[in-house]
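A.B. asks: The structure's right below; bear with me while I get my questions together.
The values are calculated or read from the model by the stated rules, or taken from the named source; none is laboratory data. The structure presented is a predicted model; accordingly, all values stated were derived computationally and were not measured. We place every Cβ from the backbone using ideal geometry, glycine too, and count neighbours over all the protein chains shown.
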Amino acid sequence: MLTGTESIFVRTSGCNLRCGFCDTPFTSWQPEGTEQSISEIVQACQLQDCNHVVLTGGEPMLQKAVVDLTVSLKAVGFHITIETAGTLDQPVVCDLMSVSPKLSNSTPSAERAGTWRERHEARRYQPQVIHDLIARYPYQLKFVVDQPRDGQEIIEYLAEFPEIDAARVLLMPQGVEQTALLEKEAWISKFCQQHGFQLCRRMHIVWFGNQRGT
Ligand code: SF4
């Protein structure tokens, strides 16, 4: 919903899932990064001429310090979006809870993931967390769509959450290459029109290509 809004991205490292299509493996499959204190992060954000902070990962809700971080960012006036897979809950301060539930298309192969495949499957669907998050915060639900058959799974998924407003459901094509994204956008867009959802384009790929840091 805030596509195109200039934003500072704060990316935490570490994730409780292992999606096969993860485009930030440096925060999940092979987590890396440097430790920074909350005051260092807030100060770095304040150096930018920008009012919006997107807290993403990895899975930011995995980090205990995320609550204090959001309190500190809000205290100096930032608009806070949190990007989460919706499997963990914490009493954060948040202006837009951007929940990206992981469908069966996220499950990694056994060859690649080993025991992480079972852990991913056991963790990726946490309906009570979704109910609680969307009850407490302004929200959007963003599904990663790879194949036309994913549409039916989304419809069945949403049937479990009658309180969700279809206009807050975004469908985003899976991929990191522009030509493939455009091809998927064509049929996803039609599906969205049929069901009152919104197409979510991967504008960072369009503008910058698949580059880390964008
Ligand atoms: S939830 Fe997000 S960060 Fe974690 S593995 Fe899946 S795509 Fe990657």
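A.B. asks: Keeping to the stretch 79-124, report how many residues are of a type outside the set (Lys, Arg), closer than 16 Å to Cys22 by Cβ and in contact with a Pro (Cβ under 8 Å, 6 or more places away or on another chain).
C.D. replies: Qualifying residue count, the stretch 79-124: 6.
A.B. asks: Just to verify a result, which residue in the stretch 31-73, among those that are of a type in the set (D, E, K, R) and within 23 Å of Ile130 (Cβ to Cβ), is modelled with the lowest pLDDT?
C.D. replies: Looking at the filtered set, the residue picked out is Lys64.
A.B. asks: Would you confirm whether any residue within the stretch 142-154 is of a type in the set (D, E, K, R) and more than 16 Å from the ligand (Cβ to nearest atom)?
C.D. replies: yes
A.B. asks: A further question follows. One residue is enough: does the stretch 99-111 have a residue meeting the conditions in contact with a Phe, Trp or Tyr (Cβ under 8 Å, 6 or more places away or on another chain), part of a loop (DSSP other than H, G, I, E, B) and either hydrophobic (A, V, I, L, M, F, W, C) or surrounded by fewer than 17 Cβ atoms within 10 Å (Cβ to Cβ) (or both)?
C.D. replies: yes
A.B. asks: Taking the options Asp95, Asp68, Asp49, Asp89, name whichever one is free of Cβ contacts under 8 Å to residues at least 24 places away in the same chain, under 26 Å from Pro138 (Cβ atoms) and charged (D, E, K, R).
C.D. replies: The unique qualifying residue is Asp49.
A.B. asks: Here are some residues: Ile164, Ile134. Which one is part of a loop (DSSP other than H, G, I, E, B) and closer than 28 Å to Val67 by Cβ?
C.D. replies: Ile164
A.B. asks: Shifting gears a bit: Considering only the stretch 190-203, how many residues are surrounded by fewer than 16 Cβ atoms within 10 Å (Cβ to Cβ) and part of a helix (DSSP H, G or I)?
C.D. replies: 5
A.B. asks: Quick check on the stretch 8-64: of everything there that is crowded, with 18+ Cβ neighbours inside 10 Å, hydroxyl-bearing (Ser, Thr, Tyr) and out of contact with any Leu (no Cβ under 8 Å at 6 or more places or on another chain), which residue is farthest from Lys102 (Cα to Cα)?
C.D. replies: Ranking the candidates gives Ser13 first.
A.B. asks: Within the stretch 66-87, can one find any residue that is small (Gly, Ala, Ser) and closer than 30 Å to Glu177 by Cα?
C.D. replies: yes
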